[in-house]
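Everything on this sheet refers to the single structure shown next.
The values are calculated or read from the model by the stated rules, or taken from the named source; none is laboratory data. None of the values given here were measured: they were computed from a predicted structure. Note that we place each Cβ from the backbone using ideal geometry, even for glycine, and neighbour counts take in every protein chain shown.
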Amino acid sequence: MSNPISVFSFPTRIVFGPGARRELGAEAKRLGIARPLLVTDAGVVACGIAEQVLSEARRAGLNPTLFAGVDPNPVEKNVQEGLEAYRLAHCDGVIGLGGGSPLDAAKAIRLVAIHPFPLEQYDDQLDGAAKIRGGLPPMIAIATTAGTGSEVGRSTVIILKSTERKTVIFSSHLMPNVALADPELTLGMPPKITAGTGLDALTHNVEAYLARGYHPLCDAIALQGARLALRNLPRAVHNGKDLEARSNMLMAAMMGAVAFQKGLGAVHSLAHPLSSIANLHHGTVNGILLPHVLEFNRQVSEDRLRDLAMAMEIQTSDRPAAESAAALVTRMRELLEEVEIPPTLGKLGVTAEMIPLLAKKAMEDACHQSNPRACTESDMVALYAKAL
């Protein structure tokens, strides 16, 4: 075997299934948490889920403090204010509750609880993981969306004030101690959010499988995750009470987050600036960009695209690789229409004038470094233009 030595690790403790949130007290006791900071956002509070979890915590004898100041795309200020709340209440652990934004903010809050600011020193592009030590406050992650899979991931993504760029901080120490994966908490998600977050989960699995590098464990997980996402996302969008579809989407999201420790690709490098500059929903723009990047990657990835098409039941093994790759791209475009997501960035307010800055920021993002086809800034410009 010519591959270099690789390190594989899948250590997340996951409590999965309807009602898993009711294990909060037992898991907090196991971790020694008595005064948790519940990190969430205004939307989770407004829909009543935060109060459900707070009540569960109190029934278990915990003394929780609520911090609901996380933005839809978390910024450094959210982390600073969360740390102040953590210290003021003398907290001894963190519960992240919500989609990827609150979960990422919760990870960053526990990071700075024992590490100094500024956050940019922990940037993954600058080998920031070397500055992150163990001993972070314990964390319980409870997802209310099926998208980022941040509940099982070892990274946090925060928009930093100094760079105005979504910055990835990556370390095994950031991984939550336990994920309570309760699909019942996702039943109330509106169709638009269900679609956007589900496209994020699908993109994670697809890009992880295509990413350069040797990781057959992640490859296998990514293929099954992509299959689950494509099968179940339309069902979840059109029938929000379909518990089986919601359960499968929650699993697909976690599988994507596990798989992308192998790497991601150009979709994410293109999508990240659209959040920090245009304030667009990350998963939604992932879905819009995905067909364009798959087409861009076809000349170097037809065999892998065929694998994905077969796993997702789009094509069978007797089809040529080129035909299967084309069918996969077409199916991704059809999926956008099926889940009622606009097919272009222009429909979301992105203009041609924004492209030069977006392309510059996309090249600063590390995700494209594991894309199967090398990207230049002119490639990024062209991809944004095609997606307008």
Original post:
Among the numbered criteria (1) in contact (Cβ under 8 Å) with a residue 60 or more places away in the chain; (2) in contact with a Ser or Thr (Cβ under 9 Å, 6 or more places away or on another chain), which single criterion is violated by PRO273?
Top reply: (2)
**OP:** Check GLU337 against each of (1) over 30 Å from ASP123 (Cα atoms); (2) in contact (Cβ under 8 Å) with a residue 40 or more places away in the chain and name the one condition it does not meet.
**Re:** (2)
Original post:
Just to be sure, is LEU187 in contact (Cβ under 8 Å) with a residue 12 or more places away in the chain, buried (at least 24 other Cβ atoms within 10 Å of the Cβ) and touching a helix residue (DSSP H, G or I) at 6+ places or on another chain (Cβ under 8 Å)?
Top reply: no
Original post:
From the set of residues in segment 163-181 that are crowded, with 24+ Cβ neighbours inside 10 Å and more than 16 Å from ALA257 (Cα to Cα), which is modelled with the lowest pLDDT?
Top reply: LYS166
Original post:
Out of the residues in segment 85-132 that are touching a residue at least 24 places away in the same chain (Cβ under 8 Å) and acidic (Asp, Glu), which is nearest to SER162 (Cα to Cα)?
Top reply: GLU120
**OP:** Within segment 320-333, identify whether any single residue is closer than 27 Å to ASN73 by Cβ and outside any loop (DSSP other than H, G, I, E, B), and answer yes or no.
**Re:** yes
Subject >> Subset of segment 26-42 that is assigned to a loop (DSSP other than H, G, I, E, B) and of a type in the set (A, V, I, L, M) - its residue that is farthest from the chain's Cα centre (by Cα) >> reply: ALA34
Subject >> Candidates ALA179, ALA195, filtered to the one that is touching a residue at least 12 places away in the same chain (Cβ under 8 Å) and closer than 24 Å to VAL267 by Cβ >> reply: ALA195
Original post:
Looking at segment 270-289, is at least one residue closer than 15 Å to GLY147 by Cβ, among the hydroxyl-bearing types (Ser, Thr, Tyr), touching a Gly at 6+ places or on another chain (Cβ under 7 Å) and not assigned by TED's automatic domain parsing to the domain that holds THR163?
Top reply: yes
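Out of ALA325, ALA366, ALA352, which single residue is small (Gly, Ala, Ser) and surrounded by fewer than 17 Cβ atoms within 10 Å (Cβ to Cβ)? Give the derivation first.
Numbers: ALA325 fails: surrounded by fewer than 17 Cβ atoms within 10 Å (Cβ to Cβ); ALA366 fails: surrounded by fewer than 17 Cβ atoms within 10 Å (Cβ to Cβ).
When all the criteria are applied, what remains is ALA352.
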Original post:
Consider ASP379 against the criteria (1) exposed (fewer than 14 other Cβ atoms within 10 Å of the Cβ); (2) acidic (Asp, Glu); (3) assigned to a helix (DSSP H, G or I); (4) touching a residue at least 12 places away in the same chain (Cβ under 8 Å): it satisfies all of them except one. Which criterion is unmet?
Top reply: (1)
**OP:** Pull up segment 314-331, narrow it to residues that are touching a Leu at 6+ places or on another chain (Cβ under 8 Å) and either among the β-branched types (Val, Ile, Thr) or at positive phi (or both), then point me to the one that is modelled with the lowest pLDDT.
**Re:** ILE314
Original post:
Out of (1) surrounded by 24 or more Cβ atoms within 10 Å (Cβ to Cβ); (2) of a type outside the set (A, V, I, L, M); (3) farther than 21 Å from PRO343 by Cβ, the odd one out for GLY198 is which?
Top reply: (3)
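Is segment 314-321 home to any residue that is in contact with a His (Cβ under 9 Å, 6 or more places away or on another chain), under 24 Å from PRO234 (Cα atoms) and in contact (Cβ under 8 Å) with a residue 12 or more places away in the chain?
Quick first cut of segment 314-321, residues in contact with a His (Cβ under 9 Å, 6 or more places away or on another chain) only: none.
So far as segment 314-321 goes, no, none of its residues is in contact with a His (Cβ under 9 Å, 6 or more places away or on another chain), under 24 Å from PRO234 (Cα atoms) and in contact (Cβ under 8 Å) with a residue 12 or more places away in the chain.
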